[in-house]
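Input: a single structure, listed below in structure tokens.
The values are calculated or read from the model by the stated rules, or taken from the named source; none is laboratory data. Quick caveat: nothing in here was measured; it's all calculated off a predicted structure. Cβ: placed from backbone, ideal geometry, glycine included. Neighbour counts: every protein chain shown.
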Amino acid sequence: MTVVRWAPSPTGRIHLGNARPALLNWFFARRNGGRYILRMDDTDLARSTREFADGIEVDLAWLGVTPDLLVRQSERTALYDAARDQLIASGRLYPAYETEEELDRKRARARLLGKPPIYDRAALSLTDEQKAAYEVEGRKPHWRFKLDGRPVQFTDLIKGPQTVNTASMSDPVLIRADGSYLYTLPSVVDDIDLGVTHVIRGEDHVSNTGTQIEIIEALGGTVPTFAHHNLLTDAAGQGFSKRLGSQSISDFRNEGYEPLAVAIMATLTGTSMPIEPYQSLDAIAEKLDFSMISHGSARFDPAELDSLNARLLHTMPYEEAFPRLSSMGLEGEAIWNLLRENLVRFPDIAEWSKLVTGPIEPVIAPEDQEFLALAKAILPPEPWDENTWGLWTNALKGATGRKGKALFLPLRMALTGRHDGPELKSLLVLLGRKACLDRLP
Ligand code: GLU
């Protein structure tokens with residue numbers, strides 16, 4: 001059974017960069033009939049909030065992802081404590097008492113000597129007396145994992161064979177001096193406990209993978225398969241960031257974008273799969289293979305989102321648009337079919353629908369005054385259908401000799417007040433004779 005997890009930290013609203021692994025995990029689960037776990041990485045109590053966690057659930061649901069299970073790391077401390085004790089007992093987790101300043105000095109000294117700033121493991125040779133003396137001083141230890149210091153190899157489903165040499169790393173701190181856990185240990189413990197088979201996440205985690213594999217092995221767990229995807233950047237090439245206030249998924253929702261458009265952009269940017277108006281997430285899941293994810297950068301293009309969003313709306317069936325239309329007090333399949341081709345975002349329909357419901361400000365150029373008065377005079381009697389427009393404009397053409405733009409644009413400007421917009425032959429039917437008479441001089 002395939003089991004994946006998406007593990008956001010609820011320290012802000014999620015953005016496009018976060019949506020990418022959320023969805024890539026979803027596609028993989030769907031393709032393989034697997035389980036999808038939403039895991040709140042909320043061990044950082046100072047920055048995580050329940051409000052942000054709830055917001056993540058809402059945003060994920062809006063994107064169309066429905067997790068099979070939700071877990072919160074803040075509720076699973078007993079498991080992490082047990083793993084901690086196991087690692088201490090096997091000698092892989094050791095207390096260290098250096099303060100931040102002392103560590104800074106060590107790093108500065110290493111740099112001066114032209115050495116990499118790797119932790120020197122001085123804490124490993126502390127005697128029991130020295131430790132007791134620190135404790136008396138009031139120092140609390142942080143806890144480091146003793147790395148094997150070897151090349152850890154794994155085959156990444158996206159990036160291919162990878163080697164992370166833990167010999168070039170400092171022993172990572174797993175537990176802070178205040179007893180709280182950093183990301184690494186809870187993540188690994190949960191992956192083991194929840195039977196995660198595939199870890200799909202951003203490539204900024206490749207170097208952590210070496211450490212994580214060592215910890216999993218030290219705990220006797222099964223090492224999952226890893227897949228690290230390229231990171232999405234904004235149009236300027238900057239990474240998305242909660243802290244820097246990148247546009248969030250909820251911002252896109254509030255601006256009226258289609259969830260599918262946002263999901264497609266978040267996942268297919270930086271892949272070889274074309275950005276198209278796929279009709280569902282499943283339609284993407286069927287096609288998207290990890291081999292299509294580029295090893296290069298993935299730069300989000302807002303203009304492309306707009307055009308994709310528009311394309312999704314232009315073919316959207318009335319039944320799908322209906323709930324939102326009726327909440328705006330706009331019903332009628334004919335209106336939808338007429339106006340949808342003009343939409344970039346759904347809420348645009350409010351403005352466009354005024355062409356039908358009015359009021360609009362007819363635009364009448366002085367040189368067209370006479371032409372439009374004639375048009376008004378020969379406006380056919382009702383009932384009207386899609387042929388009415390042709391009958392009317394042909395008669396006008398015969399009477400005035402006008403054709404093309406000179407014939408159609410003044411009519412459009414008078415009837416709609418603008419030079420672009422929906423097809424006039426359908427608009428005419430929806431307007432009806434009375435409204436047309438009102439708009440013509
Ligand atoms: N909370 C981590 C993050 O958001 C999860 C990384 C992972 O998937 O292991 O970066």
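In table form, for the structure just shown:
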| item | result |
| --- | --- |
| Identity of the residue in the range 213-229, over 21 Å from SER297 (Cβ atoms) and either touching a Phe, Trp or Tyr at 6+ places or on another chain (Cβ under 9 Å) or modelled with pLDDT under 95 (or both), that ends up farthest from the ligand (Cβ to nearest atom) | ALA218 |
| Pairs where the first residue, in the range 183-202, is of a type in the set (Phe, Trp, Tyr) and the second is at pLDDT 95 or above and within 11 Å of the ligand (Cβ to nearest atom), C-beta under 7 Å, 6+ apart | TYR183/ASP41 |
| Residue check for HIS228: buried (at least 20 other Cβ atoms within 10 Å of the Cβ) and touching a His at 6+ places or on another chain (Cβ under 8 Å) | yes |
| Among the residues listed as ARG20, ARG39, the single one being within 12 Å of the chain's Cα centre (by Cα), within 15 Å of the ligand (Cβ to nearest atom), at pLDDT 95 or above and not aliphatic (A, V, I, L, M) | ARG20 |
| Boolean, ARG31 is of a type outside the set (Asp, Glu), at pLDDT 95 or above, surrounded by 15 or more Cβ atoms within 10 Å (Cβ to Cβ) and out of contact with any strand residue (DSSP E or B) (no Cβ under 7 Å at 6 or more places or on another chain) | yes |
| Filter result for the condition that a residue is more than 28 Å from VAL136 (Cβ to Cβ), exposed (fewer than 14 other Cβ atoms within 10 Å of the Cβ), modelled with pLDDT of 95 or more and of a type in the set (Gly, Ala, Ser), over ALA53, ALA61 | ALA61 |
| Residue pairs meeting the criteria (Cβ under 8 Å; at least 6 apart or on separate chains; first touching a residue at least 40 places away in the same chain (Cβ under 8 Å), in the range 209-223; second outside any helix (DSSP H, G or I) and of a type in the set (S, T, N, Q)) | THR209/GLN162; GLY210/ASN165; ALA218/SER90 |
| Condition met for ASP171 (more than 23 Å from the chain's Cα centre (by Cα), at pLDDT 95 or above and among the acidic types (Asp, Glu)) | yes |
| Residue within the range 292-301 that is over 30 Å from ASN25 (Cβ atoms), in contact (Cβ under 8 Å) with a residue 60 or more places away in the chain, surrounded by 13 or more Cβ atoms within 10 Å (Cβ to Cβ) and of a type in the set (Phe, Trp, Tyr) present | no |
| Residue in the range 241-248 that is under 28 Å from ILE349 (Cα atoms), among the hydroxyl-bearing types (Ser, Thr, Tyr) and surrounded by fewer than 19 Cβ atoms within 10 Å (Cβ to Cβ) present | no |
| Residue among ILE216, ILE200, ILE192 that alone is in contact with a helix residue (DSSP H, G or I) (Cβ under 8 Å, 6 or more places away or on another chain) and either loosely packed, with under 15 Cβ neighbours inside 10 Å or part of a strand (DSSP E or B) (or both) | ILE200 |
| LEU308 touching a Gly at 6+ places or on another chain (Cβ under 6 Å) and farther than 30 Å from TRP384 by Cα | no |
| Considering residues of the range 1-17 that are of a type in the set (S, T, N, Q) and near the ligand (Cβ under 10 Å from one of its atoms) only, the residue nearest to ILE284 (Cα to Cα) | SER9 |
| Residue in the range 25-43 that is in a helix (DSSP H, G or I), among the charged types (D, E, K, R) and over 29 Å from ASP81 (Cα atoms) present | yes |
| Some residue of the range 261-274 being within 14 Å of the ligand (Cβ to nearest atom), crowded, with 20+ Cβ neighbours inside 10 Å and among the small types (Gly, Ala, Ser) | no |
| Some residue of the range 339-357 being farther than 29 Å from PRO302 by Cα and out of contact with any Pro (no Cβ under 8 Å at 6 or more places or on another chain) | yes |
| Residue that is nearest to PHE145 (Cα to Cα), among those in the range 190-212 that are away from the ligand (no atom under 12 Å from the Cβ) and of a type in the set (A, V, I, L, M, F, W, C) | ILE192 |
| Residue match in the range 119-133 (condition: in contact (Cβ under 8 Å) with a residue 12 or more places away in the chain, surrounded by fewer than 15 Cβ atoms within 10 Å (Cβ to Cβ) and of a type in the set (Gly, Ala, Ser)) | yes |
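Residues are listed down the side, and each one gets a yes or a no for (1) under 24 Å from SER180 (Cβ atoms); (2) part of a helix (DSSP H, G or I); (3) touching a residue at least 24 places away in the same chain (Cβ under 8 Å); (4) aliphatic (A, V, I, L, M):
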position: ALA61; (1), (2), (3), (4): no, yes, no, yes
position: VAL71; (1), (2), (3), (4): yes, no, yes, yes
position: ALA78; (1), (2), (3), (4): yes, yes, no, yes
position: ASP81; (1), (2), (3), (4): yes, yes, no, no
position: LEU87; (1), (2), (3), (4): yes, yes, yes, yes
position: GLU98; (1), (2), (3), (4): yes, no, yes, no
position: LYS106; (1), (2), (3), (4): yes, yes, no, no
position: ARG111; (1), (2), (3), (4): no, yes, no, no
position: GLY114; (1), (2), (3), (4): no, no, no, no
